[in-house]
Each structure stands twice: as structure tokens, then as C-alpha cells.
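Inspection log for the structure reproduced underneath, given as C-alpha cells.
The values are calculated or read from the model by the stated rules, or taken from the named source; none is laboratory data. Small disclaimer: the values here were computed from a predicted structure and weren't measured. With ideal geometry, Cβ positions are generated from the backbone for all residues, glycine too; neighbour counts draw on all protein chains shown. With ligands, DNA and RNA removed, areas are computed over all heavy atoms of the protein, side chains included. Shrake-Rupley method; radii C 1.70, N 1.55, O 1.52, S 1.80 Å.
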Amino acid sequence: MKILALHLHHVIEYGYMRGISRRELISLMEKPPVNFLDETETINERDFYMVIDAITRQLKEGRLGIRLGSFLNLSALGLIYRISLQATTIEEALYYLQMYMTATFPIVNIETKVKADSVSIILSIDNNRAEANRIILENILTVIAREVNLMTTREVNITKTSPFFSKDYPDDWQIADNYSVNFTPTILKATLQDRSRQQLDVLIPEYLKLIEGLKSEASFTNKVKIASLHLAKPELPDLASVADAFHLTPRTFQRRLLTENVTFRQITDDLRKQISNLLIRHNRFTITDISYVLGYSEPAAFIHSFKKWFGDAPDRMRQKAFS
């Protein structure tokens, strides 16, 4: 079976963030793609599992799939969001999702069940590689759940299930015989009716531009910046979330940053500055939208920071940019 190379690219990038050489992982492949980011490039099933198995052996983490899914959210380019742009009903959106998975990730079987009060997406793989499949399926479930959350403007009730569930899993996971993500259909209905709030078709590519621009430097600080952008939803994550992506306690995480004479707050402040400089050039984002994306409690706090960064108010800078 041929798998879209982009799916493995995300895994390799996470391995690199955790200290595993990209070259080492790619060397395991019989036929590595010329360009992992090319959406026409595919890899074979053997090469896919070789890389998954190598990362699993080196990191030795029960929740690796969940960490992968959390880290890879924006790299997935807003999968469900992009699908929803083509759909007018929940059934149609889920049909597009199933078609995408079948075409790009054929080792994964996907079944969708839509009822009046619930939607379930059930995943499985028909082979006996239980541990590797656990990583793959928990990864995909986490991405799907985060994408659904990303599309909404309010807290939603989404549960995920896994046969490997244990007490150290996040609170929104449960034990079950299958791998599934479950939520209420009203979530997608609201999004299909009003897609204007977060304008992710603009936001996600801008975040990815920042990620690509950061990749040339291998410092831990740079890796933290990249991880923060991947974990954005769309507001930037807190310290505990980023530390967990590296499988570090918050205290150890902060100590590693201090060895490079930087704090997490400085990193977040720098990212907010870069993101605001990008988004201020898009008229589709109001000042309130940008302050929300950057995680400010109110526009006034964002305006204060913006003046400190650029020496001018955001509305005046926007006027200059379009004059």
C-alpha cells in the first residue's frame, strides 16, 4: 500500500524535535521520497513502519501517539477545517474525510456513525502490529479531535477511546475495545454555517511559514518555538503543554531554556510579535480577532504590547501597510 509521504514527514519532524537525527530515520527507508512535502509523493508500508518502530524504540513512551497528534495539529493543515469548507452537511464532511484517509493513508480503515445526538469516527488497521498501530491510531485520533476543537469558538465535549487507555492518559480519553473519537453533531453544524470567526485558511499557512523559517537553527529555544506553533489552537500553548510535548516536567523544561539564557515567556512574546506582524497585514482579521488568536484576554492588552513592539498602534500600522 502507498502512504502519502507527508504523513511520515510529520513523524520524522517530531523525532527530530526530540533529538533523533532526521538522516538516521530516513536511512532506514528503502525508497525515501525526494520531497516529503510534495503531496504527490508516496512511501511504502514497510518504510512507514520502519520509521515508526525506530522512534518507538528510542523514545519508549506509552503516550507517544498522543504527543505526536498534539504536536502535529497545524502541520496537518487544518484537515477537517479544509474538508468542512467543501461540505454543507455533517455527513458530507465525514464522507470527504473518509475519502481523504482512504486515498492517503490506506492502511487505516475508517468508519463513521452519525446519530441525532452523536458522531463517532472509528479507526482500525488490519495487521498484528499492535504497538506500532497504537502509535499511529492514537496520533490520528488526537489530530482529528484537535481539528474539531480548532474549528469551534467554544469549549466542546470530545472523547477519544483506546484499548491501551491507562490512568496517565489525558482526561478526555476512555477505555474501549476500539480506537474512536466521539462528539456531538451540533459542533460541525455550527462550523458549516459560520466559518468566519477564526479564518484558518489564512492563519494556518502563516503559522507554517514561521515554522519553515525557524528550521535552520537547531537550538532548543528554536525547537520550543516550532513546537509552540504546532501546538497552537490557534492561541499559543502554555508552558506545561509545550514541556509535555518534549516529555519533560515544567521545571526541567525551564532549566533547559535557561542554559540558553532565555525564558518561556520571552519565547512566547517573540512569537506573538512575529504573528501579529503577519496578521496585521490581513484585513480579514480585526484587532479583536488578532488579540484572540494571540491569547490576550482583551484587545487593550494586545494594543499595549503591539505599541511596545513596533512603536505604533496596530490600526495605524495597518493603514500604513495598505497605503
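Subtract the Cα-Cα distance of THR112 and ALA300 from 0.36 nm times their separation in residues, and report this length gain in nm to one decimal.
The span from THR112 to ALA300 would gain 63.3 nm if fully extended.
Roughly how far apart, in whole Å, are the Cα centres of region 54-72 and region 22-49?
18
Can you tell me the accessible area per residue over region 237-323, all protein chains present, probe 1.4 angstrom, in square angstrom?
57
Quick check: with the 1.4 Å probe, what order do ASP238, ASP117 take by accessible area, largest first?
Ranked list, largest accessible area first: ASP117, ASP238.
For ALA130 and SER27, compute 0.36 nm times the residue count separating them, minus their Cα-Cα distance, and round to one decimal in nm.
That works out to 34.7 nm of additional length.
Set the Förster distance to 45 Å, then compute FRET efficiency between MET1 and GLN174 from the Cβ-Cβ distance, nearest 0.05.
0.90
Enumerate the amide H contacts of PHE246 below 5 Å, restricted to partners 5 or more residues apart or on another chain; note that Pro and chain-start residues carry no placed amide H.
none
Quantify, in whole percent, the carbon and sulfur part of the accessible surface of region 227-292 (1.4 Å probe; protein heavy atoms only).
48
Taking amide H atoms as placed 1.01 Å from N in the peptide plane, list the residues 5 or more away in sequence, or in a different chain, whose amide H sits under 5 Å from that of THR42.
Amide H to amide H, under 5 Å and 5 or more residues apart or across chains, THR42 pairs with ALA5.
Could you give the length gained on full extension between ASN35 and SER216, defined as 0.36 nm per residue of separation minus the Cα-Cα distance, in nm?
63.5 nm
As a test question: what accessible area, to the nearest 10 Å², does GLU260 have when a 1.4 Å probe is rolled over all protein chains in place?
The accessible area of GLU260 comes to roughly 70 Å².
Consider a paramagnetic label point 7 Å from the Cα of THR184 along Cα→Cβ; state which residues of region 121-143 have an amide N under 18 Å from it.
121
Please report the accessible area of ARG284 (heavy atoms, 1.4 Å probe, ligands and nucleic acids excluded) in Å², nearest 10.
120
Only four residue types carry charge here, +1 at the Cβ of Lys and Arg and -1 at the Cβ of Asp and Glu. Report the dipole size of region 261-323 about the Cα centre in Debye, rounded to the nearest 20.
180
For region 116-149 and region 241-264, write down the distance between their C-alpha centroids in whole Å.
That distance is 29 Å.
At ASP270 and LEU248, where each label point lies 7 Å from the Cα along Cα→Cβ, what is the point-to-point distance in nanometres?
Going by the 7 Å Cα→Cβ label model, 1.4 nm.
Using a 1.4 angstrom probe and counting only protein chains, how large is the accessible area of ILE26 in Å², to 10?
50
Please arrange TRP173, TRP309 by accessible surface area, largest first, computed with a 1.4 Å probe and ligands excluded.
TRP309, TRP173
Over region 94-171, calculate the relative contact order: mean separation of alpha carbon pairs under 8 Å at least 6 apart, over the residue count, as a percent.
Reported relative contact order: 16 percent.
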